[in-house]
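Scroll down for the structure; my scribbles are underneath it.
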Amino acid sequence: MTTGTSVDILLRIKRLIPNRWFAWTAPMRDAILGGLSDAAAWSYGQIDYARSQTRLATAYGIWLDILCYDFLGRFLIREGLHDAPFRALIRATILQERVTRAGMINAVTILTTNVPWVFEPWNTYDTGAYSGRLDMGYAQYGSMGYGVGRGGYGNMNLPGQTFMRVWRAASSGIPGVEGYGGSVAGYGVGAIEYAGPLLNPTGVTDDIIYRLISMTKPTGSTVWTAIGAPLLGSPGYGMAKRPAILNAKNDTQNLAVI
């Protein structure tokens, strides 16, 4: 029997009554005690409800908004998010390392559940090298080569600039609509439609990702961001060769210049 229900509380009370006072079945007494048990069961449910609202991991509904306001004020608002992504956004915002590359990556990872790809063209840790320093008269091997290893083309004319690819969580977007690169819709076939700024996507939207990057990026840096959805279960698949898409105004609908 579930603890705290009206029947559970009634049986607990009846076990405390001396057997010589009443028979185990007493309709008048049980009716009175049953009414009191209903009220007690409601109160017990409120205890569980109140306990859930004392922790970020378990709070829900309006109390999640109140918890967010207590910690962050008007710095962060829900804007139509469901409880789960809003909770992840709060967790990614408070008590996290900030204004560093690692802090930005950690915050985006917590929000989207996918590790973003980050490349700084002026950072030799990202660009790598074809060969290393001379040691005992011989050049040591570097970290990359054509088509192998880890690295990329660097550029010393891009200081303080970072290129980032972010993959949304699986539950983000417009419900019930296939996107480009999918396999269940096409022109005139399946669930597909044109989406614009007047539609309200669910889950973690692009604007939420852009704001989080703006709050956690290194001070004075520019983060060029391309956002897409992971395909075939691979974080890098589907975005590996896709650049950021610019519209006619080069605004932040598809490209974040932060």
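Assorted remarks:
- The protection proxy used here, the mean number of other Cβ atoms lying within 10 Å of each residue, ranks peptides 155-163, 60-68, 47-55 as follows, highest first: 60-68, 155-163, 47-55.
- Estimated Rh, the stretch 1-109: Kirkwood, alpha-carbon pairs, angstrom: 17.6 Å
We did not get these values from a lab; they are worked out from the coordinates using the rules stated. Quantities reported herein were computed from a predicted structural model and do not represent experimental measurements. Note: ideal-geometry Cβ built from the backbone for every residue, glycine included; neighbour counts use all protein chains shown.
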